[in-house]
Amino acid sequence: MISKKIRELFVSMMEADKDNTAVTYDAETDQYTGYFNQTVVNKFIDAGLLELVDNQDGLISVLINNRDDFLSGFASGVNEARLGRDQYYADYNANPFAFSVGYEHFLDMNKKPRRLVGYVCHGFINDDTGELHAQ
């Protein structure tokens with residue numbers, strides 16, 4: 001199980017867009033910028049998952065190393081959770097950590113029934129009814 005602080009860090013990056021979120025994503029540079037939990041960010045910089053680009057008074061810019069593998073793993077986790085499969089499928093994924101973050105995020109999003117019209121997150125498709133589906 002992934003801690004809430006860690007899941008929040010990576011989910012905030014998966015929800016990021018250029019303008020409308022607390023964390024922004026720049027498609028030209030692949031940088032995520034926001035006010036992240038410094039302790040959690042440092043843990044993943046030390047582990048090699050993130051790379052620090054800039055830190056100006058708490059406004060942090062990072063890159064996700066092997067971003068394509070991370071995004072694929074996250075989306076796979078979302079899909080497997082949606083299908084009701086076990087989290088142990090992470091063992092067969094190229095990025096088991098990203099898979100687990102996506103898997104747990106899907107479960108967390110579905111704990112309470114809610115309409116999510118306009119919700120944007122990597123690995124999710126939000127149809128016109130406001131229901132989430134795996135991508």
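Quick notes on this structure:
- Inter-residue pairs, beta-carbon under 7 Å, first farther than 20 Å from Arg67 by Cα and in the range 78-97, second among the polar types (S, T, N, Q), 6+ apart: Gln87/Ser100
- Residue check for Val41: in contact with a Cys (Cβ under 9 Å, 6 or more places away or on another chain) and either of a type in the set (Gly, Ala, Ser) or surrounded by 13 or more Cβ atoms within 10 Å (Cβ to Cβ) (or both): no
- Candidates Thr39, Thr33, filtered to the one that is of a type in the set (S, T, N, Q) and assigned to a helix (DSSP H, G or I): Thr39
- Filter result for Gly48 (within 21 Å of Gly102 (Cβ to Cβ), open to solvent by less than 60 Å² (accessible area, probe 1.4 Å) and more than 15 Å from the chain's Cα centre (by Cα)): yes
- Selection status of Asp30, modelled with pLDDT under 95 and not β-branched (Val, Ile, Thr): yes
- Filter pass, Phe97 being within 11 Å of the chain's Cα centre (by Cα) and modelled with pLDDT under 90: no
- Residue-level analysis places Tyr25 outside the set of residues that are outside any helix (DSSP H, G or I), open to solvent by less than 20 Å² (accessible area, probe 1.4 Å) and not aliphatic (A, V, I, L, M).
The values are calculated or read from the model by the stated rules, or taken from the named source; none is laboratory data. Keep in mind it's a predicted model, so treat the numbers as computed, not measured. When we count neighbours, we look across all protein chains shown, and the Cβ atoms used for this are built from the backbone with ideal geometry, even at glycine. In case anyone asks, the SASA skips ligands and DNA or RNA and just uses the protein heavy atoms, side chains included. Shrake-Rupley method; radii C 1.70, N 1.55, O 1.52, S 1.80 Å.
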